[in-house]
Amino acid sequence: MAPRGTARMYMYINLLVLYKTVYGFLLNSSTESLNETLLSAATTSVPSADSPEYLTRLRWADSAFTYIKSLNCTEVYFTSPRECNHMLNVRKRNVVVYIAQEEDSIDGEFVAMLPDSGLSRAGTHHGVVALDPHPDANFGHLVIVFFIDKVDSQADCERTKGTYIGNDECMKLALKHRCRNAIERHRRYNTDADLISSSRQARKMVRRCEINFLPLVHKQTSQEPAVVDGISQGYEQALVCREDLLDYSLCPSLRPSNETLNLVCNPIRDNTRRCETSHEAVGTRCEQFESCDQAVLISGGWNRQTSLTRHSENIVNMYQLLRRNGFQQSSIKIFFANGMHRGIQEETGAESVNTEIFPAAMKTSMRFHIRKLCGRPHCVDTLVLYLNSPSRTDGTMLLWDVNKNGKVEADEQYTIDELLDDIKSCKARSVQIIADQSFSGELSKAVRKSNDHSNVLAFSSGKENEYSYMSTFTDYWTRLDHSHICTEDVFQQIKNTMLKSTPDFGAKGHDNEGPGPLTIFGAPCNVDPPFSANELRLWYRGCQNVPTEVWLRTFFSVQSASANNDNAASQLPTSSADNANTVQQESHIEESLAVT
């Protein structure tokens, strides 16, 4: 029989699990998530007084928490002093715990990998613990990862710079590969004259040494993941959020598992036109003698653990904002995580319309679509890009881990350089980017420095070194009435209200604090007297006719320029022509647009 004190503790744990289940029940907004919460509650194994697995998890979590509470922030090199001080003050109830543990595990069973970097102390481990001190922030953000290894003695553990936590177990802090050496070299070769600039570079370097994503932890095996119908089934994630631990935080609300299991549209598996990797699959709309407001919504997700219910809600809320402001249903294209089967249902008069949601993994189709919108004159009046993806410290967006190997590859990420290249010299009258993701200030900074994006306005949820929190930035945008207010004025209102981050604005040749001339749908703003609803509908919202004379003048101008480009390319030496092949392919997109 368990001691009375232990029994009382487990009674409290039972009550805690019940409370968390009910609280999670209330938080989940969708029926599918609600059902999954109830199913999880029904199948949750509540720890008992005879549960050594639970006691092991609790000991691991408490040891990791004690470690971060004892940090000396003047000596920490794997994160910034500001983040270190945050960890010193964080409470258990604000820390989410993830643990990889096997009941009958042997030493050296688990392997961990990050999407964006290698790890020091790589190899196999008895267990893995990850603490998330920012459960309200969007990935990437700081995550503290520890390896648990079996040792023969406490002395063996200390000799390898680990922390002995009892039961012949040694806990070691996981670090990004070679980061410590890079920072020490930077400090060693610094001079007083370079102190200010060096301090900025050091802050960037420290940020890039942070572990900003949960690692993929899987069992060590000599076999490659199974392949079914040409698609890798990947590794099963063993690092699991532990909501049953006394005093620690709730787990985040994930999308239903059946929605995140597979890619909705995979070109390798699905040999259909809908899954082609070109703009044909998306159905890019550019009609003759017509200019429309267009939007592209991009939300990567990366994997199940970072694709939360709030991200799907963000997409729906942004879509509804655009529809309220005249954007036609066919002019809004959505690239979300691994895709959605059901899309967004919308009642339009007597019929129901379903807006298709493509996987963010269809990167080629997405880029073709954006390029076609930007490449044809008069196709787009106002182009709105909404970004809400897990992000690296340089602003790169993670799309979806298609092969489930835990490593980000070129076709699974969308860099700032690629985005700016896709909208370079865009022929839309205005391009407005709303970026609600961590490190989004990198995008605003890049737009300010560019000479090829004079018609681009970039609104970011934070500075280049700041995280994005919850859906705060998106919520402000989607709740305001945009009928008569300039988007830069909307941004200023939001900036004055945000608490955890400092929204940033980027535009070439603009005063960063000055109001802009257009609403989100391209109408002049701050007009006195303001336009009536009917005037906005007739003249600005949705699609507008382009005068025949204007359209034909542009058409013949483009045709003439295309002919000149072809003549110039034909006179290049063979090697240069080969090198220009990619550029010519892109220019042919513009040529085809003019005759479509």
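The values are calculated or read from the model by the stated rules, or taken from the named source; none is laboratory data. Just so you know, these numbers come straight off a predicted model, no measurement behind them. We place every Cβ from the backbone using ideal geometry, glycine too, and count neighbours over all the protein chains shown. Side chains included, ligands, DNA and RNA excluded: accessible areas come from the protein's heavy atoms. Shrake-Rupley method; radii C 1.70, N 1.55, O 1.52, S 1.80 Å.
Within the stretch 139-159, residues that are open to solvent by less than 50 Å² (accessible area, probe 1.4 Å) sit with their Cβ atoms under 6 Å from residues that are part of a helix (DSSP H, G or I) and aliphatic (A, V, I, L, M), at 6+ positions apart or across chains, in these pairs: I144/I68; F146/A64.
Per this entry, L322 is not counted among residues that are more than 29 Å from D136 (Cβ to Cβ), under 24 Å from the mean Cα position of the chain (by Cα), surrounded by 22 or more Cβ atoms within 10 Å (Cβ to Cβ) and not small (G, A, S).
Results for (1) closer than 23 Å to D475 by Cα; (2) among the aromatic types (F, W, Y); (3) assigned to a helix (DSSP H, G or I), shown as yes or no for each residue.
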position: I315; (1), (2), (3): yes, no, yes
position: L321; (1), (2), (3): yes, no, yes
position: E346; (1), (2), (3): yes, no, no
position: R367; (1), (2), (3): no, no, yes
position: D381; (1), (2), (3): no, no, no
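Looking only at residues of the stretch 57-93 that are among the polar types (S, T, N, Q), over 19 Å from K172 (Cα atoms) and in contact (Cβ under 8 Å) with a residue 12 or more places away in the chain, we find that the one that is most open to solvent (accessible area, probe 1.4 Å) is N85.
Among the conditions (1) open to solvent by less than 20 Å² (accessible area, probe 1.4 Å); (2) within 19 Å of the chain's Cα centre (by Cα), the only one that C379 does not satisfy is (2). Given (1) open to solvent by 40 Å² or more (accessible area, probe 1.4 Å); (2) among the charged types (D, E, K, R); (3) in contact with a helix residue (DSSP H, G or I) (Cβ under 9 Å, 6 or more places away or on another chain); (4) not in a strand (DSSP E or B), identify the lone condition not met by E356. Unmet condition: (4).
Can you confirm whether the stretch 513-524 contains a residue that is part of a loop (DSSP other than H, G, I, E, B), at pLDDT 55 or above and closer than 30 Å to N465 by Cβ? Looking through the stretch 513-524, at least one residue is part of a loop (DSSP other than H, G, I, E, B), at pLDDT 55 or above and closer than 30 Å to N465 by Cβ.
Answer with yes or no whether S468 is of a type in the set (S, T, Y), within 19 Å of A295 (Cα to Cα), touching a residue at least 24 places away in the same chain (Cβ under 8 Å) and open to solvent by less than 10 Å² (accessible area, probe 1.4 Å). It is false that S468 is of a type in the set (S, T, Y), within 19 Å of A295 (Cα to Cα), touching a residue at least 24 places away in the same chain (Cβ under 8 Å) and open to solvent by less than 10 Å² (accessible area, probe 1.4 Å). Considering the stretch 535-546 alone, what residues qualify as being open to solvent by less than 80 Å² (accessible area, probe 1.4 Å) and either more than 23 Å from S330 (Cβ to Cβ) or assigned to a helix (DSSP H, G or I) (or both)? The answer is E535, L536.
Residues in the stretch 432-455 that are buried (at least 21 other Cβ atoms within 10 Å of the Cβ) and out of contact with any Gly (no Cβ under 7 Å at 6 or more places or on another chain) were compared, and the one that is farthest from G522 (Cα to Cα) is Q437. Of T474, T478, which residue is of a type in the set (S, T, N, Q), open to solvent by 10 Å² or more (accessible area, probe 1.4 Å), touching a residue at least 60 places away in the same chain (Cβ under 8 Å) and closer than 15 Å to Y386 by Cβ? From the options T474, T478, the qualifying one is T478.
For the stretch 161-176, the set of residues classified as free of Cβ contacts under 8 Å to residues at least 24 places away in the same chain and not in a strand (DSSP E or B) consists of K161, G162, D168, listed by residue number.
Of the residues making up the stretch 196-251, those that are part of a loop (DSSP other than H, G, I, E, B) and at pLDDT below 70 are S222, Q223, E224, P225, A226, D229, G230. Exactly one residue among V384, V408 is open to solvent by 10 Å² or more (accessible area, probe 1.4 Å), under 18 Å from the mean Cα position of the chain (by Cα) and in contact (Cβ under 8 Å) with a residue 60 or more places away in the chain, and that residue is V408. Residue count for the stretch 111-133 under the criterion of being open to solvent by 10 Å² or more (accessible area, probe 1.4 Å) and in a loop (DSSP other than H, G, I, E, B): the result is 9.
Looking only at residues of the stretch 499-512 that are in contact with a strand residue (DSSP E or B) (Cβ under 8 Å, 6 or more places away or on another chain) and at pLDDT below 90, we find that the one that is farthest from Y476 (Cα to Cα) is K508. The single condition among (1) modelled with pLDDT of 95 or more; (2) more than 28 Å from W477 (Cα to Cα) that S391 does not meet is (2).
Can you find a residue in the stretch 414-425 that is open to solvent by 40 Å² or more (accessible area, probe 1.4 Å) and in contact with a His (Cβ under 9 Å, 6 or more places away or on another chain)? Yes, that holds for at least one residue.
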